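Take a look at the structure below.
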Amino acid sequence: MGLQQSEDIGRIAVDPTNGDVVYVAAYGPLWKSGGERGIYKTTDGGKTWKQVLNVSEHTGFHEVFTDPRYPNIVYAAAHQRQRKVFTYIGGGPESALYKSTDGGATWNKMMNGLPSGDIGRIGLNYFPGNPDILYAVVEAGEGKAGIYKSVNRGASWEKQGGYNTSGNYYQKIFCDPKDENKIFITNAYMAVSRDGGKTVSNLGEKSKHIDNHALWINPANTRHYLVGCDG
């Protein structure tokens, strides 16, 4: 369906009211600059695509969401990064969160309360019980890395607690469908917080492989998880 030059896709968001409207977070090639990077949108089910948000040839996007109540509200996370045989550039000043309220026609950064300067990967998600509430897990230096929460759709953020993981390899955040304070972060060991990110512990890895990358929580029984690992 196109976007072959992106090589890597971070996430796909489908408009909940119109299946032909889709947003793609294009990460771009991991080992070089350029390619198709940014947020792309289709209104014809993938026949054609338009780039609606672009930062630079060095910065791709790995998260994109629509508000399930108001599909013209779109959130996105940019990550400035590049991998080489001899090094890994994990962040930069172009990493940021963005928000659109008009279906991707215009965008504004939503960084009030988040770290500034060189930032790594930002995992982003919303609480299904109240999508006004957003969580972010931010890779940053100088003691600024951690879990951040917004209760006003990203207008401002407050740090909940410190947490560090490898943004190169993990760094996605998932919210329990019913418990506002229960969040999960993919890492070598699946992490869980039961107090809104203030404290974090390991969920447990018995009878499964480590290296966690994806999580589905059963909305009918929130103790039932499906976890995607690379074992």
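Classify the stretch 145-224 as rounded, prolate or oblate, taking a ≥ b ≥ c as the square roots of the eigenvalues of its Cα gyration tensor: rounded when a/c is under 1.5, otherwise prolate if a/b is larger than b/c and oblate if not. Since a/c reaches 1.5 but b/c is at least a/b, the shape of the stretch 145-224 is classed as oblate. The solvent-accessible area of residue 20, taken with every protein chain present and a 1.4 Å probe, is close to 80 Å². Counting protein heavy atoms only, the chain has 49 percent of its accessible area on carbon and sulfur, 1.4 angstrom probe. Surface analysis of the stretch 1-96 yields an accessible area of 47 Å² per residue, using protein heavy atoms and a 1.4 Å probe. When only the Cβ of Lys, Arg, Asp and Glu is charged (+1, +1, -1, -1), the dipole of the stretch 72-231 relative to its Cα centre reaches about 140 debye. The value of relative contact order for the chain, using C-alpha pairs under 8 Å at least six residues apart, is 10 percent. Along its three principal directions, the equivalent ellipsoid of the chain from the Cα gyration tensor extends over semi-axes of 25, 21, 18 Å, largest first. Let me make sure I get this right: for the stretch 41-167, a, b and c are the square roots of the gyration tensor eigenvalues over alpha carbons, sorted descending. Under 1.5 in a/c it's rounded, otherwise prolate if a/b > b/c, else oblate. Which is it? Oblate shape, in that a/c is at least 1.5 and b/c is the bigger or equal ratio. Peptides 108-119, 160-171 ranked from most to least packed, by the mean per-residue count of other Cβ atoms within 10 Å: 160-171, 108-119. Protection proxy ranking, highest mean first, for peptides 129-137, 9-17: 129-137, 9-17, where packing is the per-residue count of other beta-carbon atoms within 10 Å, averaged.
Using Cβ point charges alone (K and R +1, D and E -1), the dipole size of the stretch 136-231 about the Cα centre works out to roughly 240 debye. Once backbone amide H atoms are built at 1.01 Å from N, residue 172 has 186 as its partners under 5 Å, excluding neighbours fewer than 5 places away on the same chain. Report note on the peptides 92-103, 211-222: ranked by the mean count of other C-beta atoms within 10 Å, highest first, their order is 92-103, 211-222. In whole percent, what relative contact order does the stretch 75-128 give with Cα contacts below 8 Å and a gap of six or more residues? So the answer I get is 38 percent. Charged neighbours of residue 188, selected by a Cβ distance under 14 Å, balance to -1 (K, R count +1; D, E count -1).
The values are calculated or read from the model by the stated rules, or taken from the named source; none is laboratory data. These numbers were taken from a predicted model, which means no experiment stands behind them. Note that each Cβ is placed from the backbone with ideal geometry, even for glycine, and that neighbours are counted across all protein chains shown. Accessible surface areas use protein heavy atoms only, side chains included; no ligands, DNA or RNA. Shrake-Rupley method; radii C 1.70, N 1.55, O 1.52, S 1.80 Å.
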